[in-house]
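The block underneath contains the structure these notes are about, expressed in structure tokens.
The values are calculated or read from the model by the stated rules, or taken from the named source; none is laboratory data. Since we're looking at a predicted model, the values are computed, not measured. As a convention, Cβ positions derive from the backbone with ideal geometry for all residues, glycine included, and neighbour counts pool all protein chains shown.
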Amino acid sequence: MKNSLFEMKRKIGYAFFPARCPFCDCVIKPSENLCQTCAKTVFPEETSVRIREDSSRGLIFLYPYDGRPKEAVRRLKFEGRKDLAVPLARLLWEQVQKSGIDFDLIVPVPMSRRKLRQRGYNQAQVLGEELARLSGIPWRSCLVHKDTKNDQHQLSARERSYWAERTYFGKGEENCRGKRILLIDDVYTTGSTIRACAKCLNEAGAACVFAAVLCKTERKN
């Protein structure tokens, strides 16, 4: 009943604000994830679980952080386009399902209170909520972000790792104990955030932690 009401409200919303392709912003059908042109030019990674992490079991991602996928993330994060979380979460859930792994809990990477005030929402949580609705897997806020004056994008890889370990903390350990957790974020850059968050979840008793992100930054030689 709850989902039916939610879908009804969403359909009414589409009547006033049409669904749009996350990659080129053209109008699409509400049932579509991207337009026909982008469907022929923007392809997800063939292998879902790509790498292994020290504190987590692996990383599931959709696209390299470049071109149209990078633009989609930018719109979602900085232009208030929470509507794009709907098609992007659908695409990410398809990729998660390809992994063949079953999860018990979805946990978004938290945002600092300062950034939350500035942006008005946490894009990782918006994605996590939509993934929970699609999958039927519950989501919980099991992590907290301690405010710092450091912006991650301005730091080196070593500095990111140092501050990430001093920024993220676990909460509500009873929600994590024995659970197979899907950790959600928008972009994987150096991996410091994912490693720090996965470590917190593991320390809280998680059975295993996999991360799923929209994009992964390609390492430069």
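Taking the condition of being in a loop (DSSP other than H, G, I, E, B) and within 16 Å of the chain's Cα centre (by Cα), how many residues in segment 113-148 meet it? Going through segment 113-148 one residue at a time, the tally reaches 7. Would it be correct to say that Ala164 is modelled with pLDDT of 90 or more, out of contact with any Leu (no Cβ under 7 Å at 6 or more places or on another chain) and crowded, with 19+ Cβ neighbours inside 10 Å? In short, no. Among the residues in segment 64-75, are any among the aliphatic types (A, V, I, L, M) and assigned to a helix (DSSP H, G or I)? Yes, there is a match, as at least one residue in segment 64-75 is among the aliphatic types (A, V, I, L, M) and assigned to a helix (DSSP H, G or I). Within segment 82-112, being more than 12 Å from the chain's Cα centre (by Cα) and among the basic types (Lys, Arg) holds for Lys82, Lys98. Identify, please: which residue in segment 101-147 is more than 19 Å from Gly178 (Cβ to Cβ) and of a type in the set (Asp, Glu) and is, among those, surrounded by the fewest Cβ atoms within 10 Å (Cβ to Cβ)? Filtering first and then ranking leaves Asp147. When the residues of segment 167-221 are filtered to those that are part of a loop (DSSP other than H, G, I, E, B) and under 18 Å from the mean Cα position of the chain (by Cα), the one that is surrounded by the most Cβ atoms within 10 Å (Cβ to Cβ) is Gly191.
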